[in-house]
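The values are calculated or read from the model by the stated rules, or taken from the named source; none is laboratory data. Since the structure is predicted, the reported quantities are computational estimates derived from the model, not experimental observations. Here Cβ is always computed from backbone atoms with ideal geometry, including for glycine, and neighbour counts include all displayed protein chains.
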Amino acid sequence: MQTIRESVSENRGHARRPGEFFSKLSPAALQDLESMEFPTAYPAGIILFSEKQTPEGIYVVVSGEVKLSMNSMEGKRLILRIAKAGEILGLASVVSGGPAEYTAETLHPAKIAVIERADFLGFLRRHTEVYQLLTVELSRHLNLVCEQLRTVGLASSAPEKLARLLLDWSENGQTTDAGTRFHFPLTHEEIGEFIGTSRETVTRTLSTFRNRRLVSCHGTTLTIPSRMALETFARC
């Protein structure tokens, strides 16, 4: 595995850090935490840590995207969500000292900063006010997973599941004359793992969406001409 360790000062500069957790840290706490970061460049498809194994520390997504998934004994995989820049992975394991609840794998080339467990716990002892922020962050992670499980477990059909996924991804998309445009980098197989169905079903359902002009696709860019129309179709 080829990685490139980079100087944190070269990457951080004075830009505002993305992510709710970092935005709420005091300047002193943020500076202390960043002093422990040394981002490493990873190619796509690298497993940062696996479920049932204890991560060496927290993993800060500096840039890129990381796929979080759970796997069954039979080899089936459910993608929980895609972590983006500014997110912290492995928090629950670092706090509890237990194994990870999910597997984290780079979806695209990404820069990840690993802060070892002992160093992060020392950071918390120096900045006890961060415990409250940590609780909020862990609660946010739980809510995101619950939303994903609600989509997979409670949606009645594959079109409804796929429509909900596309609508969720489009919430932060760009509004254009043609509709809501957004980046959707998942393969059909990964979409199937996201909504608990087969790749073939995803392909057929997307084809139906396109034929009915509910979505249009150009590479990894999708456009939803009318969110209301897609929502209505999913409920039919």
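Pick from THR135, THR103: which is under 30 Å from SER198 (Cα atoms), outside the structural domain of THR221 (by TED's automatic domain parsing) and of a type in the set (Val, Ile, Thr)?
THR103
Looking at the stretch 132-165 only, could you name the residues that are over 17 Å from SER23 (Cβ atoms), part of a helix (DSSP H, G or I) and in contact with a helix residue (DSSP H, G or I) (Cβ under 7 Å, 6 or more places away or on another chain)?
Hits for the stretch 132-165 are THR151, VAL152, ALA158, PRO159, GLU160, LYS161, LEU162, ALA163, ARG164, LEU165.
Considering the stretch 183-217, and only residues there that are part of a loop (DSSP other than H, G, I, E, B) and not hydroxyl-bearing (Ser, Thr, Tyr), the residue that is farthest from VAL66 (Cα to Cα) turns out to be ARG212.
Only one residue in ARG164, ARG126, ARG150 is modelled with pLDDT of 95 or more and farther than 28 Å from PRO43 by Cα. Which one?
Of ARG164, ARG126, ARG150, the one residue that is modelled with pLDDT of 95 or more and farther than 28 Å from PRO43 by Cα is ARG126.
Only one of GLY90, GLY45, GLY98, GLY64 is on the phi > 0 side of the Ramachandran plot, surrounded by fewer than 16 Cβ atoms within 10 Å (Cβ to Cβ), of a type outside the set (Val, Ile, Thr) and in the same structural domain as GLN132 (by TED's automatic domain parsing); which?
One residue alone meets the criteria, GLY45.
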